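Everything on this sheet refers to the single structure shown next.
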Number of protein chains: 2
Amino acid sequence: MTELEKGPTGRRRGRGARERILSASQQLFREQGINGTGMDQLCAAAQVSKRTAYQHFTGKDELVAEYLRRFDPAVLSGVFDRTDLTPRERLLAAFDIPPTTPLCPYIAAAVELHDPQHPASQYARDYKKAVAARLADTAREAGATDPEQLGEQLALLIDGAAARTRVLDTDTFPTAAAIAAVLIDNAVPAAAGDDRRREGVSS
Amino acid sequence: MTELEKGPTGRRRGRGARERILSASQQLFREQGINGTGMDQLCAAAQVSKRTAYQHFTGKDELVAEYLRRFDPAVLSGVFDRTDLTPRERLLAAFDIPPTTPLCPYIAAAVELHDPQHPASQYARDYKKAVAARLADTAREAGATDPEQLGEQLALLIDGAAARTRVLDTDTFPTAAAIAAVLIDNAVPAAAGDDRRREGVSS
DNA sequence: CGATAAGTACACCGCCCTGTGTGCTTAAGG
DNA sequence: CCTTAAGCACACAGGGCGGTGTACTTATCG
């Protein structure tokens with residue numbers, strides 16, 4: 001039952017409370033951080049009464065965990081499922097996230113929550129492992145000799161760029177992409193018909 | 001009644017409250033995070049009255065900033081001033097920080113404070129730039145063609161290992177060190193006489 | 001000694017936080 | 001229609017936080 005919001009019907013601030021809460025959390029947790037966003041403010045932004053929020057989520061912890069689970073489709077699948085790119089290009093495409101990404105929310109959550117046992121921290125861990133695994137898959141597809149190692153290396157580069165971008169307040173993904181290009185070329189034994197050239201990636 | 005460390009009576013005033021506060025902050029901010037450590041708890045651990053703490057620091061913000069400034073000597077100088085190592089070895093030695101480092105406190109501060117204008121965030125930024133600069137200096141010493149680029153790349157690797165170690169709760173510095181070795185070998189045109197092991201590097 | 005600065009003990013303020021209790025209104029659907 | 005459940009408004013509890021006021025004690029040194 002309860003076929004809730006399926007379109008613009010829910011213009012009133014009636015029935016789609018849960019979705020509005022999660023949508024608002026996406027914005028606020030990113031802009032202000034998890035600890036920096038109170039439930040009062042979040043409920044106000046979501047146009048949801050506090051009582052309703054606590055009927056959908058047992059507590060803020062559960063809300064935070066659920067909030068983290070709403071990133072997969074866009075980021076993870078969106079990059080790896082592009083069949084128009086070669087495996088190598090797909091690996092490098094993972095570093096093209098300049099505009100709308102203040103900081104990887106998984107790292108932020110792990111640091112802010114400061115508790116490895118927290119559901120959100122555990123999910124962050126799982127997610128990071130999943131990304132490394134998908135990178136490894138693509139690396140295997142690209143013909144790397146040690147795909148797991150390359151996947152782990154590329155994952156580390158992504159996290160490094162995310163963290164460093166946060167601290168320096170400057171986009172460091174180009175640097176990470178340049179390193180990735182070197183690693184990929186070094187890990188693929190002797191590709192033949194590829195378009196790969198040694199691109200110094202100056203800019 | 002609190003026979004605290006007296007040491008040399010160099011100071012004519014003061015019985016070491018400030019030092020105890022900063023010493024306690026080193027431990028607590030790392031173990032519990034900055035936001036997770038209250039002034040009450042910190043003062044109790046430092047065996048300092050709260051009133052005294054606020055006579056030494058105008059507020060928690062200032063204390064946090066000062067806390068961050070107490071890391072340089074050991075980490076930064078300790079690695080780069082080792083004359084017993086070749087430049088290349090010194091660059092790689094920056095990745096040998098496995099035992100006593102839960103997470104780079106600069107990244108943690110930047111994420112937790114969530115305000116680029118915060119004094120501590122600004123200092124974190126300066127520090128990260130300084131590390132990159134010293135890495136670049138050493139890279140130049142090692143004969144890299146583009147020392148600035150290599151320095152920035154190595155700095156990114158360190159931050160990546162720190163962040164990823166935090167999220168995964170696993171030591172990822174070996175992975176970063178492996179990448180560093182590849183990058184260094186690729187960046188130094190034709191090293192001679194070194195003991196560098198060529199790991200699949202196709203010049 | 002006595003002056004002075006450093007440190008102490010402890011209560012207290014106001015604020016914001018997560019989380020609830022209670023009663024009321026609204027929308028959906030048979 | 002009337003039932004049912006989702007949502008709302010609002011007040012409030014309990015606690016931790018950063019920070020302060022006040023009066024007292026202690027160490028250091030001229």
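Only the coordinates and a few stated rules stand behind these numbers; no lab work does. Since the model is a prediction, treat every value here as computed from it, not as a measurement. Using ideal geometry, Cβ is built from the backbone for each residue, glycine included, and neighbour counts are taken over all protein chains shown.
Annotations
- Kirkwood hydrodynamic radius (C-alpha pairs) into Stokes-Einstein, segment A:20-82, 37 °C and 0.692 mPa s, D in µm²/s: 267
- Other copies of B:Thr52: label-to-label distances in nm, shortest first, labels 7 Å along the beta-carbon direction: 5.3
- Shortest-first nm distances, B:Glu19 label point to equivalent points in other copies (7 Å, Cα→Cβ): 6.3
- Shielding value for A:182-189 is 3, the average number of Cβ atoms from other chains within 10 Å of each residue's Cβ.
- Sequentially through segment A:143-158, phi angles give Karplus couplings (6.51, -1.76, 1.60; θ = phi - 60°) of x, 5, 6, 10, x, 4, 5, 5, x, 5, 5, 5, 4, 5, 5, 4 Hz, Gly and Pro residues having no value and appearing as x.
- Plainly put, the tip 7 Å out from Cα toward Cβ on A:Thr145 is 2.2 nm from that tip on each other copy, the closest given first.
- Straight-distance crosslink candidates among aspartates and glutamates, where the alpha carbon sits under 12 Å from A:Lys60 and sequence neighbours closer than 8 are dropped: A:Asp40
- Using θ = phi - 60° in the Karplus curve 6.51 cos²θ - 1.76 cosθ + 1.60, the 3J(HN,Hα) couplings for segment B:33-46 round to x, 6, 5, x, 10, x, 5, 4, 4, 4, 5, 4, 5, 7 Hz; x is entered for Gly and Pro.
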